[in-house]
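S.K.: Structure incoming, see below.
The values are calculated or read from the model by the stated rules, or taken from the named source; none is laboratory data. In this text, all values refer to a predicted model and were calculated from it rather than measured experimentally. Note that we place each Cβ from the backbone using ideal geometry, even for glycine, and neighbour counts take in every protein chain shown.
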Amino acid sequence: MGRKIFTFKNKRHMPKWLAYILAVFLKIYSWTFRMRIVDPSGVFEHLDTTPVVFSIWHNRILFVVPMAPRKILEHCSVMISASRDGEYISTLVRLFGLQSVRGSSSRGGARALLELEQSLEQGFSPILTVDGPRGPRYTVHSGAVVLARGKGVPLVPAVVNARHFWQLKSWDKMQIPWPFTRVEIVLGAPLTISPEEENEAANTRLKEALLAITKD
């Protein structure tokens, strides 16, 4: 009999020891960045009393979790794909203090939206990748708009801009900042979604607000 080789191909859950090692690596790696937070509206200052819905591009999500202060993440939840890869990511983000909700626009979306609504009612601010999980890149699907309108909370565009980064050959062109480069977490002005505003119009407003603070 040949030796049994460890592989993730058939593993549903990432071993906790490995998740911890990866979380430590990501945190240490993020410490090399010259990082600052740009929040002119003071959203982070009032997050403990005023929950919002954060919207972010899929290709900027990788380092926002290890970069953001834990006191902010403890007030946030994040929607993560219901796939096996999503299970690995969910294991990781929990180590940074985030709540995770499993689902996406293509899989488990209705249930995930309900859980995000419950998360908002409990005072947590959901983080949604508005062009995920399959894109196209820099498009806006309606989940964030529907959630913000339904619960009557502001919708806040957010991006992570790195001066220098590697770009993967994935559909979203995932960005990995270089060590020691300047990285900013930038929050746009909160958007109010009225009950009368159509999804398409609100999506367009959100896309414009995101692109206005996005640097490639």
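S.K.: For the stretch 169-191, what are the residues that are among the β-branched types (Val, Ile, Thr) and assigned to a loop (DSSP other than H, G, I, E, B)? Working first, answer last.
M.R.: At the first step, the residues of the stretch 169-191 found to be among the β-branched types (Val, Ile, Thr) are 176, 181, 183, 185-186.
Scanning the stretch 169-191 gives a single hit, Thr181.
S.K.: Scan the stretch 169-216 for residues that are within 16 Å of Thr129 (Cβ to Cβ) and polar (S, T, N, Q) and jot them down.
M.R.: Ser170, Gln175, Asn203, Thr214
S.K.: Then there is this: Any residue in the stretch 136-150 that is in contact (Cβ under 8 Å) with a residue 60 or more places away in the chain, under 21 Å from Val65 (Cα atoms) and part of a strand (DSSP E or B)?
M.R.: Among the residues of the stretch 136-150, not one is in contact (Cβ under 8 Å) with a residue 60 or more places away in the chain, under 21 Å from Val65 (Cα atoms) and part of a strand (DSSP E or B), which makes the answer no.
S.K.: Now for a different question. Can you tell me which residue in the stretch 41-71 is modelled with the highest pLDDT, limited to those that are touching a helix residue (DSSP H, G or I) at 6+ places or on another chain (Cβ under 7 Å) and in a helix (DSSP H, G or I)?
M.R.: Among those that are touching a helix residue (DSSP H, G or I) at 6+ places or on another chain (Cβ under 7 Å) and in a helix (DSSP H, G or I), it is Phe44.
S.K.: Suppose we filter Gly123, Gly103 for residues that are touching a Lys or Arg at 6+ places or on another chain (Cβ under 7 Å) and modelled with pLDDT under 95; which single one remains?
M.R.: Answer to the check: Gly103.
S.K.: Of the residues that sit in the stretch 181-210 and are loosely packed, with under 15 Cβ neighbours inside 10 Å and among the hydrophobic types (A, V, I, L, M, F, W, C), which one is farthest from Ile127 (Cα to Cα)?
M.R.: Applying the filter and picking the extreme gives Ala201.
S.K.: Can you tell me which residues in the stretch 180-216 are touching a residue at least 40 places away in the same chain (Cβ under 8 Å), among the acidic types (Asp, Glu) and farther than 12 Å from Arg60 by Cβ?
M.R.: The answer is Glu197, and nothing else.
S.K.: I would also like to ask the following. Considering only the stretch 137-157, state which residues are surrounded by fewer than 22 Cβ atoms within 10 Å (Cβ to Cβ) and under 21 Å from Phe63 (Cα atoms).
M.R.: Of everything in the stretch 137-157, those that are surrounded by fewer than 22 Cβ atoms within 10 Å (Cβ to Cβ) and under 21 Å from Phe63 (Cα atoms) turn out to be Arg137, Tyr138, Thr139.
S.K.: Over 22 Å from Glu45 (Cα atoms), in a helix (DSSP H, G or I) and not β-branched (Val, Ile, Thr): which single residue out of Leu114, Leu210 fits that description? So that I can check it myself, show each step before the final result.
M.R.: Working: Leu210 fails: over 22 Å from Glu45 (Cα atoms).
Only one candidate passes the filter, namely Leu114.
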